[in-house]
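Colleague: Shown below is the structure under consideration.
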Amino acid sequence: MTVLDERPSVVDPPQPAAATRQRRRPANPRTWVRNGGLSNLLFLVPMLLIFGIFSWYPIVQSFVMSFQKTNLVTAPTFVGLDNFVKVLQDPLFLTAVQNTVWFAVLALLFGYPIPLIAAVLMSEVRRAKGLFSALAYLPVVVPPVVAVLLWKFFYDASPTGVFNSILAMVGIGPQPWIQSITAAMPSLVLEATWAGAGGTIIIYLAALTGVAPELYDAAEVDGASIWRKIWHITLPQLRGILLITLILQVIGTAQVFLEPFLFTAGGPANSTITVLLLIYRYAFQNSLGGDYGAATALSLMLAIFLAVLSVVYFRLTKSWSQN
Amino acid sequence: MKSPAKIVTLVAVTLAGVGLLSGCSANAADSDGTTTIKVVSLIPGTEQAAFDAFDAQVAQFEKANPDINVEGVEYEWSAPTFAAQLAGGTLPDVFRIPLTDAKTLIANGQLADMTAQVEALPYFDTFNPSVLSNAQDADGNIFGVPREAYGMGLQYNRALFVEAGLDPDAPPTTWDEVREYAKIIADKTGQAGYMQMTQSNTGGWQLTAATVARGGSMEEVASDGTVTVTADNSATKEALEYLKELRWTDNSMGSNFLYDWGTINQAFAAGQIGMYTGGSDLFTSLTRESNMDAADYGLTAIPLTDAKDAGVLGGGTLNVVNVKADDTVKDAAMKWIAFYDLNKLVDKDAALQDAKTLADTDQAVGTPALPVFDQATLDQSREWVKEYINVPQEQIAFFAEGNVGRTIVGEPSAHTQELYGALDTAVQSVLTDKNADIDALLDTVNKTIQPLVDAD
Amino acid sequence: MSKTKIEDAEDRGIVSVADWTKPRIRRTMRASHAVLLVVLAVSGLGPLLWLGKAALTPTQDTLRTPLAIFPNGIEWQNVVTAWSTIHLDVQFANTLWVAAGSWAVQIVVATTAGYALSILRPKYAGVLNALVLGTLFVPSVVLLVPLYLTVLDVPFVGISLINTFWAVWLPAGASAFNVLLVKRFFDNLPREVFEAARTDGASSFRLFWSIVLPMSKPIVGVVSVFAIIAAWKDFLWPSLVLIDPMVQPLSVRLPALQQSIELGVYLAALAISSIIPILLFLVFQRMFLRGAGLGGAVKG
């Protein structure tokens, strides 16, 4: 597979047109058609329609709507920055931001080192490597909704709950799991890590096989221990992929929805309400029509924040990752 | 497909299909002169027997009205779904809404005006005015047909009562007794003695019921119509203090505190909850969907304090018609509504036929309800179908007996859903945070909802 | 990171052959691998085995003694009820439909657009390319509400796609990731072949159908795997636009079922929903794992 070889990056500049292809300016429609202008356009029709209606138009709409009051009953009216002010003044806004950050931090604490350690260990497995990978990846194949609903039952806080029964076998009393303001978020992250770690492990495993064996050979000539090899060769060689998975994980967790929505609906007492859940509530919670202005305003703020974060992140890590 | 031209055709057909598929909407008069109406049938996931009963009723109706063709659509009211269907125009011709939503939908012009059809009903005069008024605009035009009305009751699991050594035929009548019983159930059975809904706005709904039962009110409406949010009234504080005591002093509320309407019913049916407050119409759902043994079900009146205004929180649903319906559809819709929901209350033959159909398919007959018409009509209809009643009346009689002479109080009217949502947080805080500051929580609710009310 | 290297890398890793001969290191490695295997088995397999057991256990047994193995026998009825009475069969078929349609739309859009932008390359291709690339940087959350309103009332056509599969299929096609992936693949195809075909008088359509498409099987395969997995997993979007249970896929239906059916049947429903993806995974393990590794490479 050619695509495997070159690690395409979507931020490459568009390539110059092939030399054999000449730029031509149609003199009139007939020439345009004869030169293939029409058939070119025909091939673009699916993309233009689909992207136009379901991507570009909604993106433009989200900018427009964030400055409007829309309820689908009366005509939208321009309200300036009211939506943004409303969102910023909503006491739930700060709660949602704090919770989202907390989720992201916990997800990094649980979900970042565990797959790395597992992948490094697994890369050294000599026999039945496939079994390790398969077991690690199994949770990823379970549909996310099923995973959450299953864990929701595991988290039953009564003494006969699944996890509490297991804890009881080792003499630990029942835990409240998602029924407690403090334990709910870590419980959500624990499930999310379970569901996602396998994918990250496989990515790291693939990256680990790309580390040139010569580097280890050279280090051994200098008498390096295993720890030194990991620290001075393996990790630096994984730098690129580690940096990417880090920012992707942050961007992903900033948009976390499924877990808080299905586990707790934001509870107990808003301790797991996240930014995306708040957007959902603005737009879809009320049976009499949503506050679409506030919802789009908050979406835009989140998107801009993530864009700025990514730019800053890549600036800061540029020298390090290309080192 | 072998040729390039065909793939272009495929794309074109695919895109054209969008138009075709969604362009075809039902209803309106069909070519053969019959009118097809889409009506809500049952909650998705309901057991087959209930669908069989529904189909049987549709067949009876179509036989009596050969020019009308009825198509059942599975339907479960939920806030996001309803909003989407309303905005997308995909609601069936006949659907149901909670009483609290009616005023806004009427004001927004989203419901069909059914004044002519409803007033033409022979038993129009006997509608319970306090229920019907929910479906009317300021000029008295009617936009909905009352379908059912319920009052909040105390549901209890008779099996758990027995297991805890309590007499299931002597349910508690005061909040102190509820607390006492809850403690006994929790200690003896290890299950939650008492619980309440907490999620997806139901926490606020049930807290409002508890408030009303203690004589309080979440919103005060002045004579000029201005609404003041009064979530910090003393009755609500009392209700939350009560929960706090049960939860933290008695530890009689179990260990799971995130319940909405569906999940608390499930837990109750599975024997994990001794008592909770809920609508008097729950029997059907509990036995049909949650598979509860009817013999374990008990219902009694919600306890009221001695406070002057203490009452029972009520609610109900309206049958309404899609605003897009023309007169033919509206007439057909009215006939269906009358057939399916009303005639059985006012007409002996209809009542018998309905009860027989339900009983034959093993569905509930004789569930407790509040009168959509007057009390005499309700009693009379019960009398007609006596032989078919299969809901154990002696297990639910406490509800009717306890409610004699009580006032039914309507739900708060302004920004109800937002209010309930904000109150959810207060309820959840009290149940999950030992040091929750009730005054501060309720103050936050006031501060969140009042601006919304003022902005109208 | 080339394919050959993945296979050659079996020769050695961090721990050298010399290291492996040292008893202390060998013991430590063996032990840590054993621990890892146990942890992976318990965490990866454990919950699923439990689900399989619970699907066949009467509700009250699961509630009272969740860890006991069939204390009062097996309840096959759970599975039967979930499949037929609850109409999981319908949602199962819907799930397949949603995946198939999303796949078809994505393939059509990605291949035609990739072909036009990479090989036909009209002079406005650069602008379009930038517009597609741009959407890659817009998080999906921004689209949620406006896209929803678009689907409620499609511009120019004025119809609502709510409760039709098109509401899921068509937006799925607007995947910049797919278009760029296919375009980059086409960029690397040998130009000479196209020029030769052109010289022989092949039309754009003939070129696309007879030459480009047959050459692009690998990338179509990759896009297909991503498209089908994504469609199977998606929850939020289909839950907004597919409201009628009769058109809902499993992922949307299951959370609602939690409220309306008894636990045993519900757990059976969860088990049924997982079994197909798990079987597919076990059969096509290599493809899945390579795809997952590739996912990382592409993102990188």
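Colleague: For chain C, what does the helix formula give at 222 nm: sum of -39500 (n - 2.57) over DSSP H segments with n ≥ 4, over the residue count, nearest 500 deg cm²/dmol?
Modeller: Taken over chain C, the calculation gives -20500 deg cm²/dmol.
Colleague: Could you work out the percent of alpha carbon pairs in chain C separated by over 34 Å, rounded to a whole number?
Modeller: Distances greater than 34 Å cover 43 percent of the Cα pairs.
Colleague: What does the structure give for A:85-97 when I average, per residue, the other chain Cβ atoms found within 10 Å of the residue Cβ?
Modeller: The mean count of partner-chain Cβ atoms within 10 Å per residue comes to 1.
Colleague: If Lys and Arg each add +1 and Asp and Glu each add -1, what is the summed charge of the other residues whose beta carbon sits under 9 Å from the beta carbon of B:Asn343?
Modeller: Taking every Cβ under 9 Å from that of B:Asn343, the sum is -3.
Colleague: Follow-up. Place a point 7 Å from the Cα of B:Glu245 along the Cα-to-Cβ direction; which residues of the stretch B:166-206 have their backbone N under 13 Å from it?
Modeller: In the stretch B:166-206, the label zone of B:Glu245 (backbone N under 13 Å from the point 7 Å along Cα→Cβ) covers B:174-183.
Colleague: If I model a spin label as a point 7 Å beyond the Cα along the Cα-Cβ vector, how far apart are those points for B:Ala56 and C:Ala68 in nm?
Modeller: Here the answer is 3.9 nm between the modelled labels.
Colleague: Beyond 31 Å, what percent of the Cα pairs of chain B remain?
Modeller: The proportion of pairs with Cα distances above 31 Å equals 46 percent.
Colleague: Take C:Val39, project a point 7 Å from its Cα along the Cβ direction, then tell me which residues of the stretch A:174-206 have their backbone nitrogen under 14 Å from it.
Modeller: Within reach of a label on C:Val39: A:194, A:197-198, A:201.
Colleague: Roughly how far apart, in whole Å, are the Cα centres of the stretch C:173-213 and the stretch B:127-190?
Modeller: First find each Cα centre; the distance between them is then 69 Å.
Colleague: Return C:Arg206, C:Arg30, B:Arg158 ranked ascending by Cβ neighbour count within 10 Å, so the fewest neighbours appear first.
Modeller: By the 10 Å Cβ count, ascending, the order reads C:Arg30, C:Arg206, B:Arg158.
Colleague: Give the average, rounded to an integer, of partner chain Cβ atoms located within 10 angstrom of each Cβ in B:256-262.
Modeller: Partner Cβ neighbours, averaged per residue: 5.
Colleague: While we're looking at this one, here's another question. Label-point separation (nm) for B:Ser133 and A:Ser319, each offset 7 Å from Cα along Cα-to-Cβ?
Modeller: According to this spin-label approximation, the distance is 7.6 nm.
Colleague: Please compute, for peptide C:275-282, the average count of beta-carbon atoms on other protein chains lying within 10 Å of each residue's beta-carbon.
Modeller: Whole-number average of other-chain Cβ neighbours for C:275-282 is 3.
Colleague: Only Lys, Arg, Asp and Glu count, each charged at its Cβ (+1, +1, -1, -1), so figure out the dipole size of the protein assembly as shown about its Cα centre, rounded to 20 debye.
Modeller: Roughly 7040 debye, rounded to the nearest 20.
Colleague: B:Asp349 to B:Thr228: extension gain in nm, 0.36 nm per residue of separation minus the Cα-Cα distance?
Modeller: Once the chain is fully extended between B:Asp349 and B:Thr228, it gains 38.7 nm.
Colleague: Can you tell me the orientation of helix B:327-337 relative to chain B, as the angle in degrees between its alpha-carbon axis and the longest Cα principal axis, to the nearest 10?
Modeller: It works out to around 40 degrees.
Colleague: In terms of the Cα gyration tensor, with a ≥ b ≥ c the square roots of its eigenvalues, is the stretch A:87-149 rounded because a/c is under 1.5, prolate because a/b exceeds b/c, or oblate?
Modeller: Judged from the Cα gyration tensor, the stretch A:87-149 comes out oblate (a/c at least 1.5, b/c at or above a/b).
Colleague: Now a separate question. Which one of B:Gly410, B:Ala355, B:Gln393 has its Cα pushed farthest toward the positive end of the charge dipole of the stretch B:328-425, where Lys and Arg give +1 and Asp and Glu give -1 at the Cβ?
Modeller: After comparing all options, I get B:Ala355.
Colleague: Right, next: Would you list A:Met301, C:Met287 from fewest to most Cβ contacts within 10 Å?
Modeller: C:Met287, A:Met301
Colleague: Now for a separate question. Which is farthest toward the positive dipole end of the stretch A:84-322 among A:Ile117, A:Pro159, A:Val146, measuring Cα position about the Cα centre, with Cβ charges +1 (Lys, Arg) and -1 (Asp, Glu)?
Modeller: A:Ile117
Colleague: Between C:Leu213 and A:Val311, how many nm apart are label points set 7 Å from Cα along the C-beta direction?
Modeller: Label-label distance for C:Leu213 and A:Val311, simple model: 4.2 nm.
Colleague: Determine, for A:Ile304, B:Ile302, A:Ile53, the number of other Cβ atoms within 10 Å of each Cβ, and report the residues in order from fewest to most.
Modeller: Going from least to most buried by this count: A:Ile304, A:Ile53, B:Ile302.
Colleague: Roughly how many debye, to the nearest 20, is the charge dipole of the stretch B:216-329 about its Cα centre, given +1 on each Lys and Arg Cβ, -1 on each Asp and Glu Cβ, and no other charges?
Modeller: 280
Colleague: Name all residues of the stretch A:86-126 having a backbone nitrogen under 20 Å from the label point set 7 Å from the Cα of B:Asp443 along its Cα→Cβ direction, giving them as ranges.
Modeller: Residues A:89-95 qualify, since their backbone N sits under 20 Å from the label point.
Colleague: Here is a further query. Treat every Asp and Glu Cβ in chain A as -1 and every Lys and Arg Cβ as +1, leave all other atoms uncharged, and give the resulting dipole magnitude about the Cα centre to the nearest 20 debye.
Modeller: Dipole size: approximately 1180 debye.
Readers should treat all values here as calculations from the given coordinates under stated rules, not as data from a laboratory. Quick caveat, the model's predicted, so the values are computed rather than measured. FYI the Cβ positions are ideal-geometry reconstructions off the backbone, even for glycines, and counts take in every protein chain you see.
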